[in-house]
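Notes follow the structure.
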Amino acid sequence: MIACIDIGGTAIKVGVLDKEGNIHHRNSLKVGVDLEQFTETLLNWIYEAKKEFEIEGIAISSPGAVDTKSGVIGGASAIPYIHGPNWKEILGQEFNLPVSIENDANCAALAEAFNGSGANISDMLFIVCGTGIGGAIVHDGKIHHGKHLHGGEFGYMIMEDKDGKFRNFSEVASTMSFVRKVREEYKDDSWDGVKVFNEAENGNKLCIDVINTFYLNLAKGIFNLQYVYDPELILLGGAISEREDFIERINEKIDFLMKEIEIAKVRPTIATCTHKKDANLIGALANFIYEYNY
């Protein structure tokens, strides 16, 4: 059994998983106010888990630019104090167990490659669409981290040059991209994605237009990524991906682009993820299995 930890900005999801990915225990822990409290919370949970299960290792999913070899989290996140400490050393020395750690978006992709929508697929891209755009690159069944640990950071792609300002993929194709437009138009910050879609269904032209633009921009990014990496499959995650017509709407825009760019012959194959709220726990397990041949 592996003690799996999914560090989030507002809570820490934890679970005890077997090597097939079955979850035998799960819980949600509070994020501490400082490093000492945070570390104590993790240690206490692992000690409790060891009383009930035979824990053979610890697997962590974390935000930030994770150095999987050293165990240090670089970059930035909503929990500043987790950046800097060596988590492999801290937890490994405390429990005398092997420890793995990987970026959360990479873990979500690994979960799909392990036993989800991307199982048995060697080359795959994973795009998560939320407040921004994140993602991961799976090459030969493994995560491609890149020289600066920024592999899969698709949100940085420059997509527009408008009014003298460059806009990236996150700015024009995240769920917040269309929410911001409606908020600005109505001078009302109470609007969210659900309300925008509801109003579009009721005939609100502004909402219809911003959603159409969102899908087109998302399709543009997917089209570009297909020709950068040429994956077998592009998987899409994030809450918006659970909409019944999500894939259909993107495919409509991809069809449009394929007609406009006549030279393009390879059509992106897209699908949504299998794993939802447990993706990072299962992905942390998968990363542990790959690292230690568990």
(message) So, R0 is 30 Å and r is the distance between the beta-carbons of Lys276 and Lys30; what FRET efficiency does that work out to, to 0.05?
(response) 0.85
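Whole number in Å², please: accessible area per residue of the chain, 1.4 Å probe, ligands, DNA and RNA not counted.
Ligands and nucleic acids excluded, the result is 49 Å² per residue.
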(request) Find, to one decimal place in angstroms, the Kirkwood hydrodynamic radius of the range 114-214, where the mean of 1/r is taken over every pair of different Cα atoms and then inverted. (result) 15.5
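For the range 246-294, what ratio Rg/Rh do Cα atoms give with a Kirkwood hydrodynamic radius?
Values: Rg = 17.4 Å, Rh = 13.8 Å.
Here the Rg-to-Rh quotient is 1.26.
Expressed in nm to one decimal, what extension gain is obtained for the pair Asp18 and Glu52 from 0.36 nm per residue of sequence separation less their Cα-Cα distance? Write down the numbers at each step before the final one.
On the way: separation 34, 0.36 × 34 = 12.24 nm, distance 1.36 nm.
Length gained, Asp18 through Glu52: 10.9 nm.
Provide Rg over Rh for the range 18-152; use the alpha carbon set for both Rg and the Kirkwood Rh (inverse mean inverse pair distance).
Over the Cα atoms of the range 18-152, Rg/Rh equals 0.96.
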(message) As an exercise, use a Förster radius of 30 Å and the Cβ-Cβ distance of Arg243 and Thr41 to find the FRET efficiency, rounded to the nearest 0.05.
(response) 0.30
(request) With both partners inside the chain, how many of the DSSP beta bridges are antiparallel, as a percent to the nearest 5? (result) 60
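If contacts are Cα pairs under 8 angstrom and at least 6 residues apart, what is the relative contact order of the chain in percent? Walk me through the intermediate numbers first.
On the way: 543 pairs, mean separation 59.1, N = 294.
The normalised contact order for the chain reaches 20 percent.
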(request) Read phi for every residue in the range 274-291 and hand back ³J(HN,Hα) as whole Hz from Karplus 6.51 cos²θ - 1.76 cosθ + 1.60, θ = phi - 60°, with x for Gly and Pro. (result) 7, 7, 10, 5, 9, 4, 6, 5, 5, x, 4, 4, 4, 4, 4, 4, 5, 6
(request) Round to the nearest 0.05 the FRET efficiency obtained for Asp209 and Asn115 when R0 = 41 Å and r is the Cβ-Cβ distance. (result) 0.55
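Give me Rg/Rg_expected for the range 1-90, where Rg uses Cα atoms only and Rg_expected = 2.2 N^0.38 Å with N residues. Before the final figure, lay out each step's value.
Numbers: Rg = 12.8 Å, N = 90, 2.2 N^0.38 = 12.2 Å.
That works out to 1.05 for the range 1-90.
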(request) Compute, for Cys4, the solvent-accessible surface of its heavy atoms (probe 1.4 Å) with the complete set of protein chains present, and express it in square angstrom to the nearest 10. (result) 0
(message) If I stretch the segment between Glu184 and Glu160 completely, what's the gain in nm (0.36 nm per residue apart, minus their alpha carbon distance), one decimal?
(response) 6.7 nm
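The values are calculated or read from the model by the stated rules, or taken from the named source; none is laboratory data. No experiment lies behind these values; they were computed from the predicted model shown. Cβ coordinates were reconstructed from backbone atoms using ideal geometry, including for glycine residues, and neighbour counts include every protein chain displayed. For the accessible areas, the whole protein counts, side chains as well, though only heavy atoms, and no ligand, DNA or RNA atoms are used. Shrake-Rupley method; radii C 1.70, N 1.55, O 1.52, S 1.80 Å.
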